[in-house]
Amino acid sequence: MGPELDRYLADVCAEVEAELDRRLPQPADDPLRLWEACRYAMLGGGKRLRPAVLFAAGEAVGGARDDATLAAACALEAVHGYSLVHDDLPCMDDDDVRRGQPTVHCAFGESCALLCGDALLTIAFEWLAEAGLASERPAVFVRAVRVLAECSGAHGMVGGQALDLAVADHALTVPETEALAHQKTAALFRAAALLGGLLGGGDEAALDALERYGEALGVAFQHRDDLIDQSHPDVELGQRARLTELCATARNKVERFGPRGAMLRALAEAIATV
């Protein structure tokens with residue numbers, strides 16, 4: 001990554017981290033340590049790539065980074081956080097470590113982890129709805145809620161997780177990997193780009209370009225993760241080729257924004273590098 005993108009991501013990370021810290025207070029009375037688990041899951045880790053895409057998409061259409069976009073970024077991260085907590089559960093991927101520390105169910109127990117994920121998912125929509133109530137454009141936020149719900153649910157990330165579990169013992173081809181990533185991984189990147197475009201005031205043509213950008217970027221991100229983890233060594237060459245192609249597609253989709261789309265293009269270039 002170049003220094004400008006490094007600074008941008010560091011700024012986004014610090015801003016979102018501080019806002020999540022503010023939005024997730026730990027009450028003195030905390031049965032089952034639920035709020036403590038939510039803070040554990042959400043704070044002190046992660047690159048905040050999805051908020052970065054959201055902010056950059058808003059800037060690409062001429063929008064400002066304000067309280068509303070920050071609330072949307074936190075909502076997006078809460079959905080992402082819930083998905084990781086639930087994915088790590090023994091009944092799902094059964095992972096013991098996440099970002100160098102014990103997963104939530106290992107640190108707090110399975111019951112608390114399940115409720116932690118539930119709490120993060122629901123609070124995401126609370127935050128987005130609150131931002132809409134405070135806005136002069138409530139209809140835009142209604143649409144934003146629908147985007148986040150669709151990308152998070154059975155037509156998006158949850159459906160992708162179901163597919164992932166169904167094919168867990170199957171060696172995936174590159175097209176099969178992409179079909180899975182289209183739902184499971186790309187959904188929240190697509191949501192990030194669309195939320196940024198919506199709240200930034202983008203027109204329908206801009207939203208279409210941003211949705212296609214988010215889709216290509218999200219599938220590319222899955223290929224990148226697989227290559228780093230060596231998840232599918234039998235198809236590594238095909239994945240490398242597709243990673244390059246998809247990141248080029250993502251960059252091309254946002255050329256229309258000119259200089260205002262520079263960060264979107266820089267993010268695609270960074271993901272293309274393994």
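Within the range 219-239, residues that are without any contact (Cβ under 8 Å) to a residue 24 or more places away in the chain sit with their Cβ atoms under 7 Å from residues that are buried (at least 16 other Cβ atoms within 10 Å of the Cβ) and part of a helix (DSSP H, G or I), at 6+ positions apart or across chains, in these pairs: Glu236/Leu227. Scanning the range 223-246 for residues that are surrounded by 12 or more Cβ atoms within 10 Å (Cβ to Cβ) and within 19 Å of Arg98 (Cβ to Cβ) yields a count of 4.
Taken over the range 92-129, the criterion of being within 18 Å of the chain's Cα centre (by Cα) and of a type in the set (Gly, Ala, Ser) is satisfied by Gly117, Ala119, Ala124. For the range 96-113, does any single residue satisfy the condition of being touching a residue at least 12 places away in the same chain (Cβ under 8 Å), among the aromatic types (Phe, Trp, Tyr), farther than 29 Å from Val274 by Cβ and crowded, with 18+ Cβ neighbours inside 10 Å? Within the range 96-113 (the criterion being touching a residue at least 12 places away in the same chain (Cβ under 8 Å), among the aromatic types (Phe, Trp, Tyr), farther than 29 Å from Val274 by Cβ and crowded, with 18+ Cβ neighbours inside 10 Å), the answer is yes, since at least one residue qualifies. If you check Ala10, Ala64 for being among the hydrophobic types (A, V, I, L, M, F, W, C), exposed (fewer than 15 other Cβ atoms within 10 Å of the Cβ) and either closer than 27 Å to Val274 by Cα or in contact with a His (Cβ under 8 Å, 6 or more places away or on another chain) (or both), only one passes: Ala10.
Can you tell me how many residues in the range 134-149 are part of a helix (DSSP H, G or I) and touching a helix residue (DSSP H, G or I) at 6+ places or on another chain (Cβ under 8 Å)?
Count: 10.
Any residue in the range 192-201 that is farther than 18 Å from Arg146 by Cα and either surrounded by fewer than 21 Cβ atoms within 10 Å (Cβ to Cβ) or touching an Asp or Glu at 6+ places or on another chain (Cβ under 7 Å) (or both)? Scanning the range 192-201, I find no residue that is farther than 18 Å from Arg146 by Cα and either surrounded by fewer than 21 Cβ atoms within 10 Å (Cβ to Cβ) or touching an Asp or Glu at 6+ places or on another chain (Cβ under 7 Å) (or both), so the answer is no. Filtered by the rule that a residue be surrounded by 23 or more Cβ atoms within 10 Å (Cβ to Cβ) and either over 14 Å from Val104 (Cα atoms) or small (Gly, Ala, Ser) (or both), the range 37-56 gives Ala37, Ala41, Arg48, Arg50, Pro51, Ala52, Val53, Leu54, Phe55, Ala56. Please determine whether any residue of the range 10-21 is aliphatic (A, V, I, L, M) and more than 24 Å from Leu264 (Cα to Cα). Looking for residues that are aliphatic (A, V, I, L, M) and more than 24 Å from Leu264 (Cα to Cα), one finds none in the range 10-21, hence no.
Against the criterion of being among the aliphatic types (A, V, I, L, M), in contact (Cβ under 8 Å) with a residue 12 or more places away in the chain and surrounded by 18 or more Cβ atoms within 10 Å (Cβ to Cβ), Ala129 does not qualify. Which residues, counting only those in the range 10-28, are out of contact with any Lys or Arg (no Cβ under 7 Å at 6 or more places or on another chain) and modelled with pLDDT under 95? Correct list: Pro25, Pro27, Ala28.
The values are calculated or read from the model by the stated rules, or taken from the named source; none is laboratory data. In this text, all values refer to a predicted model and were calculated from it rather than measured experimentally. Heads up, the Cβs are rebuilt from the backbone with ideal geometry, glycines too, and the neighbour counts pull from every protein chain shown.
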